[in-house]
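Have a look at the structure below before the remarks.
The values are calculated or read from the model by the stated rules, or taken from the named source; none is laboratory data. Not measured: the values here are computed from a predicted model. Using ideal geometry, Cβ is built from the backbone for each residue, glycine included, and neighbour counts are taken over all protein chains shown.
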Amino acid sequence: MLQVSRVSKQYATPRGPLEVLSEVTFALSPGEAAAITGPSGSGKTSLLCILGALDPPSSGTVRLDGRDPFALDADQAAAFRNASIGFVFQDHCLLPQCSVLENVLVPTLVGRGAPDEDMARARTLIEQVGLADRVDHRPAALSGGEKQRVAIARALVGQPRLVLCDEPTGNLDQRTASSIAALLLDLHRRQQNILIVVTHSERLAAQFPRRFEIVDKRLRTGR
């Protein structure tokens, strides 16, 4: 379970602390999916970085399955992120010199001891995202939508309990964005992870069973 309790975030500026999040509290269980919306600069990405154990909150706590990643040392926190959290970014962030299969396998290269299982899971995910005939292609040979499908498979290859997506359809046309959204939700249902998507797109957010909106630094239940 993901439990977020009274999380606030401030950044130091020459004029004093700048607060971007205030008293954010919510919880999600395995199998739940939520979209978080809000205008630019509202704190969506800051919240995603906190949930992903990339940036500590100024106050409050985040726990995933009872563990507080910010109580871990740097090496432990890195291992926690690798094992427990999958990331999908607006830009696919694929390695241009690597094939589709190699890109999907990247998260498995650190701290894992079952390469045959990882390989089998990667090939299954590549098939599930509709790229079985592109497994040996490099990113330059793929369309924008295909690259994002690879990024989704990469995020899921370690079977993370929490999947975080930052504007995953932001660089795509409307038709491709709809197919990527459907794919994300389909794979989420198969793996029964916790899925959180941060987006400006009302069309994308409307497809999620739970919706939140950041308004005046606080998280509110969306429409």
Exercise. Say whether the condition of being touching a strand residue (DSSP E or B) at 6+ places or on another chain (Cβ under 9 Å) and at pLDDT below 95 is met by at least one residue in segment 60-67.
Key: yes
Quiz prompt | Candidates GLU32, GLU19, filtered to the one that is under 22 Å from PRO209 (Cβ atoms) and either touching a residue at least 40 places away in the same chain (Cβ under 8 Å) or buried (at least 18 other Cβ atoms within 10 Å of the Cβ) (or both) | solution = GLU32
Practice problem: Just give me the residues in segment 84-123 being of a type in the set (S, T, N, Q) and either more than 14 Å from GLN159 (Cα to Cα) or exposed (fewer than 14 other Cβ atoms within 10 Å of the Cβ) (or both), in sequence order. | Solution: GLN90, GLN97, SER99, ASN103
Practice problem: Show the residue pairs that are 6+ apart or on different chains and have beta-carbon atoms under 6 Å apart, the first residue being within segment 197-216 and within 18 Å of PRO30 (Cα to Cα), the second being of a type in the set (Asp, Glu) and exposed (fewer than 13 other Cβ atoms within 10 Å of the Cβ). | Solution: none
Quiz item: Which pairs do you get when a residue that is on the phi > 0 side of the Ramachandran plot, found in segment 74-103, comes within reach of a residue that is buried (at least 16 other Cβ atoms within 10 Å of the Cβ), reach meaning Cβ atoms under 7 angstrom, with the pair 6+ apart or on two chains?
Solution: CYS93/ALA151
Exercise. For ARG220, indicate whether it is basic (Lys, Arg), modelled with pLDDT of 90 or more and assigned to a helix (DSSP H, G or I).
Key: no
Practice problem: Taking only segment 199-214 into account, find how many residues are more than 17 Å from GLN174 (Cβ to Cβ) and in contact with a Pro (Cβ under 9 Å, 6 or more places away or on another chain). | Solution: 1
Quiz item: So which strands (runs of 3 or more DSSP E) are wholly in segment 30-112 and hold at least 2 residues that are more than 16 Å from the chain's Cα centre (by Cα)?
Solution: 59-64
